[in-house]
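One structure is given below, encoded as structure tokens.
Every read-out reported here was derived from the displayed coordinates using simple, explicitly stated rules and does not represent laboratory data. All figures in this text were calculated on a predicted structure; none of them were measured in a lab. Note that we place each Cβ from the backbone using ideal geometry, even for glycine, and neighbour counts take in every protein chain shown.
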Amino acid sequence: MDYYNILGVDRNASETELKKAYKKLSMQHHPDRTGGDDAKFKQINEAYSTLKDPQKRQQYDNPQPQFNSQHFQNGGFNGGFNINDIMSQFGFGARQQMRNQDITIGCNISIAEVYTGKSVIATYRLNNGMEQTVDIKIPVGIRNGDKVRYSGMGQHDIKQIPPGDLYVQIVIQATNDFEINGLDLITSKRINVLKLITGTFVNISVPGGAKVNLNIPGGTQANTILKITGKGLPNRSGNPGNILVKIIGQTPSGISAEDKETIEQIGKKYSWHYVHDTV
């Protein structure tokens with residue numbers, strides 16, 4: 001009997017969510033109400049009685065396997081059978097808990113969703129062909145490659161032992177605007193070379209929704225990397241990364257002959273010289 005399914009909640013449901021589900025279902029199925037269901041009402045009470053108690057819930061989520069030699073005798077084994085002996089032959093100690101297989105699925109999230117968190121419903125298929133649904137709660141500050149564990153939601157082919165667990169592996173998808181390096185986000189900004197001479201301000205849109213006014217000091221060289229402190233990916237420990245902005249010089253177009261001459265005179269005054277890149 002799946003108590004979580006009876007109450008219509010996921011396996012990570014909080015005490016408040018359990019209580020809310022119980023109240024709604026108990027009123028709906030109470031035997032004294034028209035259309036009430038006594039059997040269903042008893043199941044609801046049994047499920048809530050177990051899950052509201054932290055100790056009982058822990059035992060329910062992680063049950064110890066129970067092996068009864070009588071079951072095997074009925075299947076053709078005689079009285080000399082001992083499950084612990086069989087387990088020992090396969091390398092399992094008498095107290096080692098056996099479980100069904102775990103399942104790992106992937107979950108893609110955007111950079112912006114690292115700042116905000118995300119809730120998504122995912123469906124996956126078990127070995128027996130049945131589909132199972134999980135409500136994935138992704139917290140703010142999760143890291144690329146992190147795994148979120150859902151106890152008891154893996155394979156359950158063998159009914160005599162506990163089900164495996166479900167692991168949801170997080171994949172943070174980079175964008176055309178940002179690359180990811182740990183907690184740092186790396187981007188680039190094209191700036192008119194004349195603005196690099198005089199200095200300017202540019203707006204940088206942070207994936208979390210904020211905008212930062214970045215100061216580019218006069219005399220900044222092309223390919224300089226400027227740092228926006230503390231605006232990178234959030235961290236659950238409270239220490240966010242940074243945004244690193246690579247400055248790319250961009251030559252203005254449509255310059256008149258007169259302006260070109262003026263720029264040339266400025267270049268001579270400040271001893272500009274040309275550097276030819278080699279490929």
Gyration tensor verdict on segment 169-279 (Cα atoms; rounded if a/c is under 1.5, prolate if a/b is larger than b/c, oblate otherwise): prolate
Local net charge near Thr200, Cβ-Cβ under 14 Å (Lys/Arg +1, Asp/Glu -1): +3
Summed side-chain charge close to Ser26 - residues other than Ser26 whose Cβ falls under 13 Å, Lys, Arg +1, Asp, Glu -1: +4
Nonlocal amide H pairs with Gly232, under 5 Å, H built at 1.01 Å: Gly241, Asn242, Ile243
Stretchable slack from Gln28 to Gln59, in nm (0.36 nm times residue separation minus alpha-carbon distance): 8.3 nm
Protection-proxy order for peptides 200-207, 163-170, 227-234, each taking the mean of Cβ atoms within 10 Å per residue, highest first: 163-170, 227-234, 200-207
Using a Förster distance of 41 Å, the FRET efficiency for Ser110-Ser253 (Cβ separation, nearest 0.05): 0.75
Sequence-distant residues sharing a close amide H with Asp37 (under 5 Å, placed H): His30
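Rounded, prolate or oblate: which fits segment 99-173 when a ≥ b ≥ c are the square roots of the eigenvalues of the alpha-carbon gyration tensor, with rounded for a/c under 1.5 and prolate only if a/b beats b/c?
Verdict is prolate for segment 99-173.
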Descending semi-axes in Å of segment 216-270, equivalent ellipsoid built from Cα gyration tensor: 39, 11, 7
Distance (nanometres) between label positions extended 7 Å along Cα→Cβ at Lys268 and Arg149: 7.5
Under 15 Å, Cβ to Cβ, from Ser151 - net charge with Lys/Arg +1 and Asp/Glu -1: +1
For segment 147-226 versus segment 1-65, the gap between their alpha-carbon centres in whole angstrom: 41
Burial order of peptide ranges 259-265, 141-147 (average beta-carbon count within 10 Å, highest first): 141-147, 259-265
Stretchable slack from Lys227 to Asp38, in nm (0.36 nm times residue separation minus alpha-carbon distance): 61.5 nm
5 angstrom amide H check on Ser188, placed H, neighbours 5+ away: Lys246
Over 20 Å (Cα to Cα) - which of Lys147/Lys227; Lys20/Lys147; Lys189/Lys211 fall in this group: Lys147/Lys227; Lys20/Lys147
Sites Asn239 and Thr200 - FRET efficiency at Förster radius 25 Å, r taken between beta-carbons, to 0.05: 0.25
